[in-house]
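The values are calculated or read from the model by the stated rules, or taken from the named source; none is laboratory data. Being a predicted model, the structure only gives us computed values, none of them experimental. All Cβ positions, glycine included, derive from the backbone under ideal geometry; neighbour counts span all protein chains shown. In case anyone asks, the SASA skips ligands and DNA or RNA and just uses the protein heavy atoms, side chains included. Shrake-Rupley method; radii C 1.70, N 1.55, O 1.52, S 1.80 Å.
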Amino acid sequence: MSAQLLDGKAIAADIREQLKTQVAARVAAGRRRPGLVVVLVGDNPASQVYVRNKRNACEQVGFQSELLRLPADTGEDELLTVVDGLNARDDVDGILVQLPLPDQINADTITERILPTKDVDGFHPYNVGRLVLRQPLLRPCTPRGVMTMLARTGIDLVGKDAVIVGQSNIVGRPMFLELLMARCTVTVCHSKTRDLAGKLRAADIVVAAMGCATLRPGRLGQAGGGRDRRRHQPPGGRQPVRRCRHRPGQRDRRLDHPGAGRGRPDDGGDAVGKHPAGRRTAR
């Protein structure tokens, strides 16, 4: 079977056009625009790119977007107060606190303070728990984006063998739940997995959730790096595969790191794992 290139940018553009039409109809009916507030603490360059992309997406579909910038020395209690205020606002349908947060702030504490109905990242334990129970509400957006891209292929996923490389809370674990809900047989690989290359060769679907868009195949499975690269390439011949920019010996940490799988900040959606759409529409 020849490889199929999934164009995330094209899918994103199509979904945004649909959302734009829905928002316009909503406004024409006299209802307010959906509202998203992004909270950015500090001046992390990568986070600023993520935030800019999210605000641009909101503008394209007609959402009301707001950016709250807080200094890097903001305390946890101060940020919790900000979240409480956003929870109470009727004009705010989605709250997104951009990660990573400064060291003095516990990200889990902040995530759990956001109302589950406004948790557009899908990280709140309530939303993750509903996904486990096959009763999803707001779903972690990167795995949901992968499922959206797979749905566009028209391929029946039932019974397919799927391998996920990476077990982060952000991508790997919810990705497992999404594929399981689609009736795939799912294997999650991590730094202690044996014969990774063999598992990849046997898979029908491979999701790379290591926080890197491309990785030399031999590095994915240190023993037996002869994985069939054609499975991962667009038609028309081979293309260079770039190395991840990390030092030798860091592979284990990248596969197991809680934040692995977020992708590069300038990733326009071509890599599997970038959410192609936006968030939920306000009720």
Which order do the peptides 98-111, 30-43 take when ranked by the mean count of other beta-carbon atoms within 10 Å per residue, highest first? 30-43, 98-111
For the range 75-212, the charge dipole (Cβ of Lys, Arg +1; Cβ of Asp, Glu -1; about the Cα centre) points to a positive end, and the Cα of 96, 187, 208 closest to that extreme belongs to 187
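Of all the accessible heavy-atom surface of the range 1-113, with the other protein chains kept in place and a 1.4 Å probe, what percent is carbon and sulfur? Intermediate results must be reported in sequence, preceding the final value.
Values: 2980 of 6130 Å².
In the range 1-113, the share of accessible area belonging to carbon and sulfur is 49 percent.
State whether the range 121-195 is rounded, prolate or oblate according to the following rule on the C-alpha gyration tensor (a ≥ b ≥ c being the square roots of its eigenvalues): a/c under 1.5 gives rounded; otherwise a/b larger than b/c gives prolate, and the remaining case gives oblate. Mind showing how you got there, number by number?
On the way: a/c = 1.74, a/b = 1.11, b/c = 1.57.
Judged from the Cα gyration tensor, the range 121-195 comes out oblate (a/c at least 1.5, b/c at or above a/b).
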Within-11-Å neighbourhood charge of residue 184 [Cβ basis; K, R +1; D, E -1]: -2
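Based on Cβ point charges of +1 for Lys and Arg and -1 for Asp and Glu, what charge dipole magnitude is obtained for the range 60-154 about its Cα centre, in debye rounded to the nearest 20?
Details: 9 positive and 14 negative charges, 162 e Å.
Around 780 debye, computed over the range 60-154.
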Between residue 70 and residues 5 or more places away or on another chain, the pairs with built amide H atoms under 5 Å apart involve 40, 41, 42
Rounded to the nearest 10 Å², the accessible area of residue 5 at probe 1.4 Å: 120
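If DNA, RNA and ligands are ignored and the probe is 1.4 Å, what is the ranking of 9, 192 by accessible area, most exposed first? Spell out each step's value before the answer.
Details: 9 110, 192 150 Å².
Descending order: 192, 9.
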Return the lysines within reach of residue 199: Cα separation strictly under 23 angstrom, same-chain partners fewer than 8 residues apart disregarded; answer none if there are no such residues. 160
